[in-house]
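Chemist: So that we are looking at the same thing, I have put the structure below in structure tokens.
All of the numbers you see were taken from the coordinates with simple rules; none came from a lab. Keep in mind that this is a model prediction, so the values were computed, not measured. Cβ placement follows ideal geometry from the backbone for every residue including glycine, while neighbour counts extend to all protein chains displayed.
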Amino acid sequence: MSEATHTVKSYEEELQSLNKNIIKMGVSCEEALGKAIIAITTRDSENAETVIKNDEKIDKFETLIEQQVVNLIALRQPMAIDLRETVTALKISSDLERIGDLAKNISKRTLLLNENLPKNLVEALVRVSTNVQKQLKSVLDAYLDRSSSMAVNVWENDEQIDELTNLCMQEVIKYLKEHESNLDDGTHLLFVTKNIERIGDHTTNIAEQIYYLVEGEYLEGDRPKGTEPIVTGEK
Amino acid sequence: MKKNGVNMIKISAKNVDVFYGKKQALFNINLEIEENQVTALIGPSGCGKSTFLRCLNRMNDVIDICNVQGEIVINDFNINDKGCDVVRLREKIGMVFQKPNPFPKTLYENISYGPTIHGMAQSKQEMDEIVETSLKKAALWEEVKDRLHEPGTGLSGGQQQRLCIARAISVQPEVILMDEPCSALDPIATAQIEELIDELKKEHTIIIVTHSMAQAARVSQNTGFFHLGELIEHGSTDKIFKNPENNKTQDYITGRFG
Ligand SMILES: Nc1ncnc2c1ncn2[C@@H]1O[C@H](COP(=O)(O)OP(=O)(O)OP(=O)(O)O)[C@@H](O)[C@H]1O
Ligand SMILES: [Mg+2]
């Protein structure tokens, strides 16, 4: 936010409240992702259930932020930095909401897994998810500090996540081959891996929004892309 | 007019300083106004917007203590030159003020006054045509065509303002200066004037002073921000309202001025 404060105090307060809600929502998503990963790697259904239950809280944040944005646009007609604050809050909240959903989906699948996971697979999952968690934390810090350079770092690191996802996918495929009788678990694991990657993509979207928020311009150029995902062929 | 996709410059102010007695009101203003575009001038009260607008048709001449220095070049001609024909200049550069100020005469006479003194009509029929087209362009014709010989002061505020616009365009000016033309109007009349401005820019270059940020954003393609007699920032309206260069501009348009 700009250094000087608004002449109209209530306007200032509304923008600050919007800002705080994004941060709170982001922290809730961080928690959800953290717990979802602990749950799947340690077969801990208590954490998985918490994530599923708490997703409602994240959804409520999205609704609240949307209402705040609509009110700001209708009643304050924000301009310049305020306009960018308002519009990016809306977009960031929708990415965060998706992150919450994906964490919930990971947790639902966790509850459906029948067997313990082999050590290699757990390690591969932890590697990619640790990276994604770091990215999510950094992007929230970038938002808090209004730092476009931190946002660019997050954006560039997405490549690494794509690569780690591919390695993880390879482990899942190996698992599928070795456990032909347990296609259910294998399928869940494919989706879990894909979900983690998509959380990374939403994090990158948020980084782009922060860059726009701070600089007033869009991040130029193609997203850095790692090797093509081998299983789904999705880009 | 566009040349190679770039708008031509209609007016350029070069190193303009304005003084009221010893007090300097404008400081070294350099500003180019694009042809057939709407340029909005914004800034806090007393920053010199009206003073600048009055430089463009030498209306400051009528203020004794006012002294204008620098060049105002319109169509490659410096209007501050001694040889400038001020009457012709004001025919080319029309003006609409904050308060609608129709003459205490009939609607018809309000419009025909300018064309008469500029000798623009050879016959009653030609004058009728000028009155009709001017009122049509000002989107007032339908409302007043049956009462052209009633006094202009009998119209509503919004109608009076459109009458003043019709009066300004009756002499086919190249440039129309508007100083807060909607400040006394309700939202509907304001919307009508804004729609009109959009229409008028096809044939005229328009400069509008406004205190409404939303109005500046809605009607203009370019915006200039004045502060304490200086032009702080000038550029496309889009840029000024989404991502201004200067912090003062940002503070002003976002309502953060101390
Ligand atoms: N006739 C005058 N005599 C002396 N000083 C004047 C005169 N007209 C304007 N000024 C001074 O020049 C400065 C600029 O005034 P101007 O009217 O151009 O401001 P403005 O931006 O149009 O303000 P507003 O938004 O209130 O209409 C002010 O300090 C004002 O007091
Ligand atoms: Mg003024």
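Chemist: Sequence gap at least 6, Cα distance under 8 Å: using those rules, report the relative contact order of chain B to the nearest whole percent.
Modeler: Working: 475 pairs, mean separation 67.7, N = 258.
26 percent.
Chemist: While we're on this one: Using the charge dipole of segment A:3-215 (Lys, Arg: +1 at Cβ; Asp, Glu: -1 at Cβ; taken about the Cα centre), state which of A:Gly34, A:Leu111, A:Tyr11 has its Cα farthest towards the positive end.
Modeler: Projecting each Cα onto the dipole axis, the largest value belongs to A:Leu111.
Chemist: Taking each residue in A:4-14, count the Cβ atoms of any other chain within 10 Å of its Cβ, then average. What number comes out?
Modeler: Values: counts 9, 4, 5, 6, 2, 0, 0, 3, 2, 0, 0.
Mean partner-chain Cβ count within 10 Å for A:4-14: 3.
Chemist: Counting only other chains, what is the mean number of Cβ atoms within 10 angstrom of the Cβ of each residue in peptide A:81-89?
Modeler: Numbers: counts 9, 5, 6, 2, 1, 0, 1, 0, 0.
Per residue, the average neighbour count from other chains is 3.
Chemist: Considering only Cα-Cα distances, which of the following residue pairs are longer than 20 Å: A:Lys134/B:Lys242; B:Lys14/B:Lys248; B:Lys23/B:Lys82; A:Lys57/A:Lys108? Provide the component values of the computation, followed by the final result.
Modeler: Values: A:Lys134/B:Lys242 32 Å; B:Lys14/B:Lys248 23 Å; B:Lys23/B:Lys82 24 Å; A:Lys57/A:Lys108 17 Å.
Pairs exceeding the cut-off: A:Lys134/B:Lys242; B:Lys14/B:Lys248; B:Lys23/B:Lys82.
Chemist: Along its principal axes, what span do the Cα atoms of segment B:23-118 show, with the longest given first and each in whole Å?
Modeler: Largest to smallest, the principal-axis extents are 43, 33, 32 Å.
Chemist: To two decimal places, what compactness ratio does segment A:3-215 give when its Cα radius of gyration is scaled by 2.2 N^0.38 Å? Numbers along the way, then the final one.
Modeler: Values: Rg = 18.9 Å, N = 213, 2.2 N^0.38 = 16.9 Å.
My calculation over the Cα atoms of segment A:3-215 gives 1.12.
Chemist: If you line up the long axis of helix B:157-169 against the longest principal axis of chain B, both from Cα atoms, how many degrees apart are they, to the nearest 10?
Modeler: The two axes meet at around 90 degrees.
Chemist: Mind giving me the nanometre distance, one decimal, between the label points for A:Glu13 and B:Thr153, set 7 Å out from Cα along Cα→Cβ?
Modeler: In this crude spin-label approximation the distance works out to 4.8 nm.
Chemist: In segment B:153-228, which GluC sites (Glu not before Pro) fall in coil by DSSP and have 16 or fewer other Cβ atoms within 10 Å? Don't skip to the end; give the middle numbers.
Modeler: Values: sites: B:Glu174, B:Glu194, B:Glu195, B:Glu199, B:Glu203; in loops: B:Glu174, B:Glu203.
Filter output for segment B:153-228: B:Glu203.
Chemist: Sum -39500 (n - 2.57) across every DSSP H segment of at least 4 residues in the protein assembly as shown, then divide by the residue count to get the 222 nm mean residue ellipticity, nearest 500.
Modeler: Calculated at 222 nm, the ellipticity per residue is -18500 deg cm²/dmol.
Chemist: Could you check what % of the DSSP bridge pairs in chain B are antiparallel, to the nearest 5?
Modeler: Numbers: 27 of 44 bridges.
In chain B, approximately 60 percent of DSSP beta bridges are antiparallel ones.
Chemist: Hydropathy at least -0.5 by Kyte-Doolittle, axial extent at least 15 angstrom from the Cα trace: which helices of chain A, defined as entire DSSP H runs, fit? Write down the numbers at each step before the final one.
Modeler: Details: long enough: A:9-42 (49 Å, -0.05); A:45-71 (40 Å, -0.79); A:80-112 (49 Å, -0.02); A:119-145 (38 Å, -0.03); A:148-178 (45 Å, -0.43); A:183-215 (48 Å, -0.19).
Sorted by number, the helices that extend far enough and score high enough are A:9-42, A:80-112, A:119-145, A:148-178, A:183-215.
Chemist: Okay, next question. Inside 10 Å of the C-beta atoms of B:204-217, what's the mean count of C-beta atoms belonging to other chains? Before the final figure, lay out each step's value.
Modeler: Details: counts 0, 0, 0, 0, 0, 0, 0, 0, 1, 3, 2, 0, 1, 3.
Per residue, the number of nearby Cβ atoms from other chains is 1 on average.
Chemist: Taking Cα atoms, how many degrees apart are the long axis of helix B:107-117 and the longest axis of chain B, rounded to 10 and kept between 0 and 90?
Modeler: 70
Chemist: Also, quick follow-up: Once you have all Cα-Cα distances for chain B, histogram them in 10 Å bins from zero and send the whole-percent values.
Modeler: Calculated P(r), rounded to whole percents: 7, 30, 35, 22, 6, 0.
Chemist: For A:Arg76, what charge total do you get from the other residues with a beta carbon under 13 Å from its beta carbon, if Lys and Arg give +1 and Asp and Glu give -1?
Modeler: Working: positive: A:Lys9, B:Arg256; negative: A:Glu12, A:Glu13, A:Glu14, A:Asp82, A:Glu85.
Net of charged neighbours comes to -3.
Chemist: Normalise the Debye intensity by I(0) for the protein assembly as shown, one equal point scatterer per Cα, no solvent, then take log10 at q = 0.06 Å⁻¹ and round to two decimals.
Modeler: Listed by q, the Debye log ratios stand at -0.45.
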